[in-house]
Amino acid sequence: MSPDSSQSPPEPPSRRPLIAFTWLWVGLPLAYGLYELVRKATQLFTG
Amino acid sequence: MSPPVAPPGWSRWLVPPAALSVHLSIGQAYAWSVFKPPLESALGLSGTQSALPFQLGIVMLGLSAAFGGTLVERHGPRWAMTVALVCFSSGFLLSALGAATEQYWLIVLGYGFVGGIGLGTGYISPVSTLIKWFPDRPGMATGIAIMGFGGGALIASPWSAQMLESFGTDNSGIALAFLVHGLAYAVFMLLGVLLVRVPRPRTGADGAPAVLEGVQVSARGAMRTPQFWLLWVVLCTNVTAGIGILEKAAPMITDFFADTSTPVSATAAAGFVALLSAANMAGRIGWSSASDLIGRKNIYRVYLGVGALMYTLIALFGDSSKPLFVLCALVVLSFYGGGFATVPAYLKDLFGTYQVGAIHGRLLTAWSTAGVLGPLIVNWIADRQEEAGKHGAALYGTSFVIMIGLLAVGFVANELVRPVHPRHHVSAAPAGKEAVDVPRQQPESA
């Protein structure tokens, strides 16, 4: 058996940092929008 | 541009953020009203004139989704997201030029026409791809993206208002705000363009491309089925019922409790509108995900059947209990959002994944119709009732009866939905390749 054929295929790179970054990219503006929404919605009970 | 295929090890959890980056951006359209008062005072426009860019944008959304869907299927999600980015961003840049030079027609052309093409293309761009990545949970996947369209306005509304406060509300301040919007949204949407990937086509044991499994119907073929038009009625009636409340939410809650010991102030009414937006968004992700568990037909039974019950409760007892009124309205709005978000998965169940994005685009004409129908019913009837000397909750009674009737029609349409007849199925095609849009030959008895 040649050394090449004994090697397993290379592991695909871990995507976890990319996943975290992309969810933060969309999650942070959405969290800002939700915060503003909650601030306004509470006026129903206080206004 | 050929569809970008995912490399080995690519995570499917990278696709929802790609979709969200587009939907959170184009959802800005629902925050257009922030620009209306400054435009009216800076350019001397009427309320009707200042609404034109938004109205044209929504018309273009429907048209580009309906007619561009097949192109989106052919060229893939990256092409569609690129078109959406270029059109949506250029729409703002043209509007900036229009505001700076006081040429209002440029704002209508830019935001309404060019930007509207971006809205329609962007709306349908990730649908088909998400369904292919999440065949086990298509409702949840499309629910995340379509929730983003609702969330876009939540972000843009305070953001645009703060920007106008900083830059000023004269024409140069508005121009600068449009410019920043165009550039910021281009950068934000770029993530989607760079990130989106279609799944690798599966191969058979002999290395040949796998064949698309299950029922597959082309967009053109779907239009010839009763199922498409039944779903069109289902979506149209569900959206009309939601808009019936959304359109006049603030004056409605004020009118309902005007003659009671606890009238609703303008500030509290604004809070009620915000709460409805939250229910709309929550319904998009919540109900759509639930449809993966209980089935698409069942969830629409809930939207339409329980929706009609909620309208009945508001009509009968709404003015006697504020919590009941608020609760029923929230449930109806959550069904409104859920109806939008669940329909791509319902289409996938009936027509397969082959051209589901294009079919979804064509079905969105039901949204455009409901967008005209809902406000028309509620406003026209309220005006007539007011002329007849009625006030308070009585202004809306007839509208609610009509909404209950429409929901009943939608419920019956949903009950009539059956699996698509095999004569509409396309010939088997390798996954990821063009299928042949030729109806399968059926025996005479089929």
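Can you pull out the residues in segment B:228-263 that are acidic (Asp, Glu) and in a helix (DSSP H, G or I)?
Residues of segment B:228-263 acidic (Asp, Glu): B:247, B:255, B:259.
B:ASP255, the sole residue that qualifies.
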Taking B:ASN379, is it assigned to a helix (DSSP H, G or I) and at pLDDT 95 or above? no
Quick check: anything in segment B:253-274 under 24 Å from B:GLN385 (Cα atoms) and acidic (Asp, Glu)? yes
For the structure I just gave you, tell me whether B:SER399 is in a helix (DSSP H, G or I) and under 30 Å from B:SER320 (Cβ atoms). yes
Looking only at segment B:214-224, decide whether some residue is in contact (Cβ under 8 Å) with a residue 12 or more places away in the chain, surrounded by fewer than 24 Cβ atoms within 10 Å (Cβ to Cβ), under 19 Å from B:LEU313 (Cβ atoms) and more than 14 Å from chain A (Cβ to nearest Cβ). no
Is at least one residue of segment B:330-349 free of Cβ contacts under 8 Å to residues at least 40 places away in the same chain and open to solvent by 10 Å² or more (accessible area, probe 1.4 Å)? no
Taking segment B:83-112 and keeping residues without any contact (Cβ under 8 Å) to a residue 12 or more places away in the chain and either under 24 Å from B:ILE124 (Cβ atoms) or of a type in the set (Phe, Trp, Tyr) (or both) leaves B:TRP105
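Any idea how many residues of segment B:225-279 are within 14 Å of chain A (Cβ to nearest Cβ) and open to solvent by 30 Å² or more (accessible area, probe 1.4 Å)? So that I can check it myself, show each step before the final result.
Filtering segment B:225-279 for residues within 14 Å of chain A (Cβ to nearest Cβ) gives B:249-250, B:252-254, B:256-257, B:262-279.
From what's left, open to solvent by 30 Å² or more (accessible area, probe 1.4 Å): B:250, B:254, B:262-263, B:265-267, B:270, B:273, B:275, B:277-278.
Residues flagged as within 14 Å of chain A (Cβ to nearest Cβ) and open to solvent by 30 Å² or more (accessible area, probe 1.4 Å) within segment B:225-279 amount to 12.
Condition check ((1) touching a His at 6+ places or on another chain (Cβ under 9 Å); (2) within 27 Å of B:SER2 (Cα to Cα); (3) of a type in the set (Val, Ile, Thr)) across all residues:
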| position | (1), (2), (3) |
| --- | --- |
| B:ALA100 | no, no, no |
| B:LEU106 | no, no, no |
| B:PRO138 | no, yes, no |
| B:ALA156 | yes, no, no |
| B:LEU164 | no, no, no |
Considering only segment B:282-298, how many residues are free of Cβ contacts under 8 Å to residues at least 60 places away in the same chain, under 18 Å from B:ILE146 (Cα atoms) and β-branched (Val, Ile, Thr)? 0
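Can you say whether B:ARG284 is within 19 Å of B:VAL356 (Cβ to Cβ), within 14 Å of another protein chain (Cβ to nearest Cβ) and in a helix (DSSP H, G or I), as far as the supplied structure shows? Talk me through it step by step, then tell me what you get.
Details: within 19 Å of B:VAL356 (Cβ to Cβ): yes; within 14 Å of another protein chain (Cβ to nearest Cβ): yes; in a helix (DSSP H, G or I): yes.
Against the criterion (within 19 Å of B:VAL356 (Cβ to Cβ), within 14 Å of another protein chain (Cβ to nearest Cβ) and in a helix (DSSP H, G or I)), B:ARG284 qualifies.
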Meets criteria (closer than 17 Å to B:ILE146 by Cα, in the same structural domain as B:ALA269 (by TED's automatic domain parsing) and part of a helix (DSSP H, G or I)) for B:PHE335: yes
Subset of segment B:264-281 (residues that are part of a helix (DSSP H, G or I), without any contact (Cβ under 8 Å) to a residue 12 or more places away in the chain and over 17 Å from B:LEU327 (Cα atoms)): B:THR267
Restricting to segment B:1-18, name every residue that is closer than 10 Å to A:PRO12 by Cβ and within 27 Å of the chain's Cα centre (by Cα). B:SER11
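The values are calculated or read from the model by the stated rules, or taken from the named source; none is laboratory data. All of these numbers come straight from a predicted model, not from anything done at the bench. Using ideal geometry, Cβ is built from the backbone for each residue, glycine included, and neighbour counts are taken over all protein chains shown. Just the protein is used for accessible areas: all its heavy atoms, side chains included, with ligands, DNA and RNA removed. Shrake-Rupley method; radii C 1.70, N 1.55, O 1.52, S 1.80 Å.
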